[in-house]
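First comes the structure, then the notes that go with it.
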Amino acid sequence: MGLSACGKNMALAGPMVAQWSDELKAVVRKRNAILYAELPKALEERNKDKAVELWKEAMLTCYQCHQGIGIPQVRKFKPVEEIHAKHQRIAEAFGLVKVVGNEKSCIACHAGQTQVRGYK
């Protein structure tokens, strides 16, 4: 259920997405395929390695629109803390969030091209 948290927001953006370029639509299609087909299947199969790989791919699609990675930046707003917290709880359930001192490290998800937290 937590996997679709941002999907609800994207559904509301449907009319806007319809006007986007084919390049942007391809990113949305890839994201939807991961979140609604591939990732749930990996979770159902209890394939942690595949699920982690897919989660990181999904994050990159989010960053493509929100940070303008490889495509024009089309979304720019501060992530809603309540929704982001759901993502963090999912990551924690998979053992992806490390505790460093008294703080949680987010590098399991925010690494490489998705290391930027917040907006440029």
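At 0.36 nm per residue, and after removing the present C-alpha to C-alpha distance, how many nm does the segment from GLU44 to GLN113 gain when stretched out fully?
My answer for the length gained is 22.1 nm.
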Using r as the Cβ-Cβ distance of LYS104 and GLU57, and R0 as 35 Å, what FRET efficiency do you calculate, to the nearest 0.05?
0.95
How many nm separate the modelled label positions at ALA93 and VAL80, each set 7 Å beyond the Cα in the direction of the Cβ?
1.9 nm
Kindly write out, for the range 47-56 in residue order, the coupling ³J(HN,Hα) from the Karplus curve 6.51 cos²θ - 1.76 cosθ + 1.60 (θ = phi - 60°), rounded to whole Hz, with x marking Gly and Pro.
9, 4, 4, 5, 4, 5, 4, 5, 4, 5
16 Å Cα-Cα reach of LYS48 towards aspartates and glutamates, excluding residues that sit fewer than 8 places from it in its own chain:
GLU38, GLU57, GLU92
Would you mind checking which residues have amide H under 5 Å from SER105's amide H? H placed 1.01 Å from N; only 5 or more apart, or other chain.
LYS98, VAL99, VAL100
Going down the list LYS50/LYS76; LYS76/LYS98; LYS56/LYS98; LYS30/LYS104; LYS41/LYS76, which pairs span over 19 Å between their C-alpha atoms?
LYS50/LYS76; LYS76/LYS98; LYS30/LYS104; LYS41/LYS76
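Values quoted throughout were computed directly from the atomic coordinates according to the rules given, and no laboratory measurement underlies them. Since we're looking at a predicted model, the values are computed, not measured. For neighbour counting, all protein chains shown are included, and Cβ atoms are generated from backbone atoms with ideal geometry for every residue, glycine included.
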